[in-house]
Amino acid sequence: QLGRHAESLTVLREAQALEPKNPLVQNNLGYLLLEQDRDLEEAAALIEASVKATPDNGNVVDSLGWAQFKLGRIAEAEATLRRAVELSPFSPEVRQHLGEVLVKQGKLTEAAEQWDRAMAFVFPDRAILEKRLGDLRVRIAKEQAAKLDAPASPPGVPAAKPDDDEDEE
């Protein structure tokens, strides 16, 4: 959180050398790699090993879901992050991550609900999420307005296309 990522990476690599199977070290090193968008496959492998050792740790399950998201495994990430929410329902970070996955899938209303729940807590990136949530609400409102403005067609009948040749007789 202090932005000293290079030092953190060095310390975590040293800890990994001393205790390569320590689930806390595996998770923290893996998550740091994810946050730096470095070695995503290694990060996922470290976090998967940590989940095997501590399957009911919501923070570790969250890390796995975030790794899956970063690797483009969106549906898998959603399922994993839903489990993380069950394990850690009061974690703003877990809800923030689930919201990101839901936005990616176009599930905007549910994403906003997850982010609203995260906003009930104090956490380091709260101001950033607050702005993103405001932007998401605007996007949802615009999409809802566009749906209201769109002409409705009966079921099975394609929507009418505008006639470009209005002067034709």
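The values are calculated or read from the model by the stated rules, or taken from the named source; none is laboratory data. Everything quoted here is computed from the prediction, not taken from an experiment. So basically every Cβ, Gly included, is an ideal-geometry build from the backbone, and we count neighbours across all protein chains shown. Calculation scope for accessible area: heavy atoms of the full protein, side chains included, ligands and nucleic acids excluded. Shrake-Rupley method; radii C 1.70, N 1.55, O 1.52, S 1.80 Å.
Counting just the residues of the range 86-100 that are in a helix (DSSP H, G or I) and of a type outside the set (A, V, I, L, M), which one comes out most open to solvent (accessible area, probe 1.4 Å)?
Filtering the range 86-100 for residues in a helix (DSSP H, G or I) gives 86-87, 92-100.
When the remaining residues are screened for being of a type outside the set (A, V, I, L, M), the result is 86, 92-93, 95-97, 99-100.
On the way: E86: 138, P92: 22, E93: 82, R95: 24, Q96: 34, H97: 11, G99: 0, E100: 33 Å².
If we take residues in the range 86-100 being in a helix (DSSP H, G or I) and of a type outside the set (A, V, I, L, M), then E86 is most open to solvent (accessible area, probe 1.4 Å).
Looking only at residues that are surrounded by fewer than 22 Cβ atoms within 10 Å (Cβ to Cβ) and not acidic (D, E) in the range 52-65, which one is nearest to L87 (Cα to Cα)? Even if it seems obvious, please write down each step before you answer.
Filtering the range 52-65 for residues surrounded by fewer than 22 Cβ atoms within 10 Å (Cβ to Cβ) gives 52-59.
Now restrict to residues that are not acidic (D, E): 52-55, 57-59.
On the way: K52: 15, A53: 15, T54: 12, P55: 10, N57: 7, G58: 5, N59: 8 Å.
If we take residues in the range 52-65 being surrounded by fewer than 22 Cβ atoms within 10 Å (Cβ to Cβ) and not acidic (D, E), then G58 is nearest to L87 (Cα to Cα).
Condition check ((1) in a helix (DSSP H, G or I); (2) at pLDDT below 85; (3) open to solvent by less than 100 Å² (accessible area, probe 1.4 Å)) across all residues:
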{"site": "A127", "(1), (2), (3)": "yes, no, yes"}
{"site": "R132", "(1), (2), (3)": "yes, no, yes"}
{"site": "R137", "(1), (2), (3)": "yes, no, no"}
{"site": "A146", "(1), (2), (3)": "yes, no, yes"}
{"site": "V157", "(1), (2), (3)": "no, yes, yes"}
{"site": "A160", "(1), (2), (3)": "no, yes, yes"}
{"site": "D165", "(1), (2), (3)": "no, yes, yes"}
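From (1) among the basic types (K, R); (2) at pLDDT 95 or above; (3) under 23 Å from H5 (Cα atoms), pick out the condition that doesn't hold for R38.
Of the numbered conditions (1) among the basic types (K, R); (2) at pLDDT 95 or above; (3) under 23 Å from H5 (Cα atoms), the odd one out for R38 is (2).
Could you tell me how many of the residues in the range 1-48 are over 18 Å from V94 (Cβ atoms) and either exposed (fewer than 12 other Cβ atoms within 10 Å of the Cβ) or among the charged types (D, E, K, R) (or both)?
Taking the range 1-48 and keeping what is over 18 Å from V94 (Cβ atoms), we get 2-22, 25-26, 29, 33, 36-42, 45-46.
From the residues that got through so far, the ones that are either exposed (fewer than 12 other Cβ atoms within 10 Å of the Cβ) or among the charged types (D, E, K, R) (or both) too are 2-4, 6-7, 10, 13-14, 17-21, 37-39, 41-42.
Residues flagged as over 18 Å from V94 (Cβ atoms) and either exposed (fewer than 12 other Cβ atoms within 10 Å of the Cβ) or among the charged types (D, E, K, R) (or both) within the range 1-48 amount to 18.
So Q114 fits all but one of (1) open to solvent by 50 Å² or more (accessible area, probe 1.4 Å); (2) polar (S, T, N, Q); (3) touching a Lys or Arg at 6+ places or on another chain (Cβ under 7 Å); what number is the exception?
Every listed condition holds for Q114 apart from (1).
Kindly indicate which of A111, A49 is modelled with pLDDT of 95 or more, at negative phi and under 19 Å from the mean Cα position of the chain (by Cα). Break it down stepwise before answering.
Working: A49 fails: under 19 Å from the mean Cα position of the chain (by Cα).
After applying the criteria, what remains is A111.
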